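Below: the structure, in structure tokens.
We did not get these values from a lab; they are worked out from the coordinates using the rules stated. Treat the numbers as computed from the prediction; the structure is a model and nothing was measured. No Cβ is skipped: glycine too gets one built from the backbone with ideal geometry, and neighbour counts run over all protein chains shown.
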Amino acid sequence: MTTEATAGLASVMGATIRRELLLAMRSPGDVINPLMFFIISVTLFPLGGGVEDAFLATIAPGVIWVTALLAVMLSLDSLYRADYEDGNLEQLLMSPQPLYFLVLSKVFSHWLMACLPIIVLAPVLALMLKLPAAGIGALVISLALGTPILVLIGAIGMALTVGLSRSGLLLAVLILPLYVPVLIFGTGVVDAAINEMAYAGLLALMGAMLALAISLSPLAIVAALRISVN
Amino acid sequence: MPEFQFDSFAAFLAMGDYAIYVWPVYILFALFFVTTVLPPILGRRKIIRQLKARLERMESNMAEQGEGN
Amino acid sequence: MLEARDLYCERDDRVLFQHLDFSLCAGQSIQVQGSNGSGKTTLLRILCGLNRDYRGDIRWQGQPVEKARADFRAQVFYLGHAPAINRSLSAAENLRWFCASRGVRAGKIREALAAFNLQGYDDVPCYMMSAGQQRRVSLARMKLVPAALWILDEPFTALDRKGVSELEGMLSDFVRSEGSLLLTTHHPLKMDCDVGTIDLDALIQERGVYDH
Amino acid sequence: MWQWLYKLGSPRWFYELGERSLPWLWGATVFLLAVGVVWGLAFAPPDYQMGDNYRIIYMHVPSAGLMKGCFYMMAICSAAVLIWKIKMADIVAKAIAPIGVMATLLMLASGSLWGIPTWGTWWIWDARLTSSLLQFFIYMGIIVLRSAFDSQDSAARACAVLTLVGVVNIPIIEYSVEWWNTLHQGASSLGMRDASANPPEIWIPAFFTGFGFIGLFFIGLILRSQNEILLRERRTQWVRDLVAKETAGA
């Protein structure tokens, strides 16, 4: 990749991120809705299961991680659906710029809009669920490492189903099983932090999963987009 | 040569009082065998009939076109 | 210079076209004709590389299109049925994004819009525009991106009479300036350069449907 | 070798190869399964610890093997569909999926039935059972995705992509479930590994049922692939002759 090619690529990625943020401002629903879903569904658990501190503290990591995971998955619908319907996705596939990086910048901007608010808000909800203070820092780090993996894997399912009508639930069936390792290690980190055990190793594993997701899933996303537009 | 492990057929059925665990597994195996093999065999007959009907339809169309032009 | 040899495409049990050969050099234009559902759009999408369900060989500048993918896409502008305009963005934002996505520095957006008499519309959000105006914003992209080959799928839809004649003039200028053009349209084309045709309906009658 | 592989790609050759090998497969599979089941149920010595409940293993282990084997075969076919665009590979991948799902269900059922006497509950969060449950979900995802598409070619490529994504994720899922299991459950595994204290004859029926399962898999695969070939190649001459011959006979 010659220098001006990479410069061209950087400008394209920058343009993608700027456009996504602009779109988010124009239709804030794509950002607010997943966040509201996350908050509301977390508050359902104390209402459903009772408010004893011990009970809440034990389920807190699992509840926050599962609802965050579901919120991220639900937020994916806004990823390529609009572009597919108005024909922009076709033009994107016709772009001479390598689609691998366009997809990466699109996923990154989606992570900024949908997942960053969840990570920022998670400590507040953790306090609501009486999560011990030791666990909150670990919760934020694990979410910060875990949510990009969720978006990358979810984007594969989204790209596969973007051409299909009413495919909301289909996306869940396709990608939820693939979310399990992230959930296991995410909650594992928080549990380890609460019990004063070392969790650096688990973070390393999550980092490895993130590296794998960043490098491999755009290949699958590009292939899936070409199939859906076919 | 391996010898018969149970002293009577009833003991064999009881399967060392694990009958309600062992026999369902083998029944499920029979089910697995049937579902792997039977649907495609039945499906084949249906497909052959379908294709036959399609062939006849096509021949009748060809025949009409033949008289047509 | 786009060449297709022995193109074959079949869609849900119907052969759309087979043994289709043609070549399109610089300065030439071809109109694809055929009744509805005869595969006009499919043919265009196959040539653009959007649709991969075909057999046959497509060459761009003599090279198989799979090899010269990036160069081919840099030289081709495809206009589909969908206007490729995001309704919550303004016309200028859409065009700026279109240029950025193709790695081209955003040229004179205002002039491009003016060419399709959309002066002063650059900051109007597209959801406020009529279908015809959105169509013209989509067409304005042609002026912004240098392309040797235009593949247009019914470019005249939703355009008023004045728009149609302006577009025809623009297309013939493009063809005269050594551009090559491939389009489908239902209305009689009045362009002052010779337009070759590919008639998909004739192709089918002539070769029958089930001969392979 | 390549010549053989290339010919395998042509539906007609695959169909006729299947037609020729089916009788042999039927004979071998029925023999192997009959011997394996009878030997396992009646003639194999009971386990020193679990007694006759151990006989479930002759069904559990082969079905677990088939579950994994089916997925890896689907992954190979998917790679062939995406990289070399072999139509036949998609036909085979489509035929494998239902067999894989049924094998997974048999594995889960036999695993939980195995666990009841030892642990008192019908479902234990054992590492292997849990990761097999997740693999079952991935199988269902592939089958559901295939039926969601109306055009066959995009369905083939979409399922191929999902299968390859799945095959990359399965080892990760298994590793994470294994780690998760040691964290939460300690030693509640199915207790299959410590069967080494048994006399060797306990393993002989497992060979028979194991190869019997593989034979059964190929029978199902060939039958389903043949049906799919007839459907997809219905316009070719050889299929029309075959249909004419078959219906003339009936």
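Per-residue ellipticity at 222 nm, computed for chain D from helices alone with -39500 (n - 2.57) per DSSP H run of at least four residues, works out to -26500 deg cm²/dmol.
Taking Cα atoms only, the orientation of helix D:237-249 departs from the longest principal axis of chain D by about 80 degrees.
Dividing the mean sequence gap of close Cα pairs (under 8 Å, 6+ apart) by how many residues chain C holds gives a relative contact order of 30 percent. With helices as the sole contributors, chain A gives -28500 deg cm²/dmol at 222 nm; each DSSP H run of n ≥ 4 counts as -39500 (n - 2.57), and the sum is divided by every residue.
State the Kirkwood hydrodynamic radius of region A:3-229 in Å, one decimal place, computed from all pairs of distinct Cα atoms. For region A:3-229, the Kirkwood estimate is 18.3 Å. Normalised size of the protein assembly as shown, defined as Cα radius of gyration per 2.2 N^0.38 Å with N residues, equals 1.12. Put the Cα centre of region D:149-183 next to the Cα centre of region C:20-43 and the gap is 41 Å. Against the main long axis of the alpha-carbon atoms of chain D, helix D:11-38 sits at an angle near 20°. From Cα pairs below 8 angstrom and at least 6 apart in sequence, can you work out the relative contact order of chain D, rounded to a whole percent? Reported relative contact order: 34 percent. When +1 charges are put on Lys and Arg Cβ atoms and -1 charges on Asp and Glu Cβ atoms, the dipole computed for region B:9-68 relative to its Cα centre reaches about 40 debye. Loop-located trypsin sites (Lys or Arg not before Pro) across region C:1-105 with a Cβ neighbour count of 11 or fewer within 10 Å are C:Lys67, C:Arg105, with loop assigned by DSSP. Across chain D, the longest piece that holds none of the trypsin sites (Lys or Arg not before Pro) lying in DSSP loops with up to 16 other C-beta atoms within 10 Å covers D:86-233.
The chymotrypsin sites (Phe, Trp or Tyr not before Pro) of chain B that DSSP puts in a loop, and whose beta carbon has at most 16 other beta carbons within 10 Å, are B:Phe4. Under a model in which nothing but the beta-carbon of Lys, Arg (+1) and Asp, Glu (-1) is charged, chain D shows a dipole of about 880 debye around its Cα centre. Radius of gyration over Kirkwood radius for chain B, both on Cα atoms: the Rg/Rh ratio is 1.55.
For chain A, the longest principal axis of the C-alpha atoms and the axis of helix A:99-110 are separated by about 40°. Applying Stokes-Einstein at 10 °C and 1.306 mPa s to the Kirkwood radius of chain D, computed over alpha-carbon pairs, gives a translational diffusion coefficient of 79 µm² s⁻¹.
Along chain D, the longest continuous region that contains none of the chymotrypsin sites (Phe, Trp or Tyr not before Pro) in a DSSP loop with at most 12 other C-beta atoms within 10 Å is D:123-250.
Across region A:70-187, the relative contact order, built from alpha-carbon pairs under 8 Å that are at least six residues apart, equals 35 percent. For C:Arg105 and A:Leu212, the FRET efficiency from 1/(1 + (r/R0)^6), where r spans their Cβ atoms and R0 equals 45 Å, is about 0.80.
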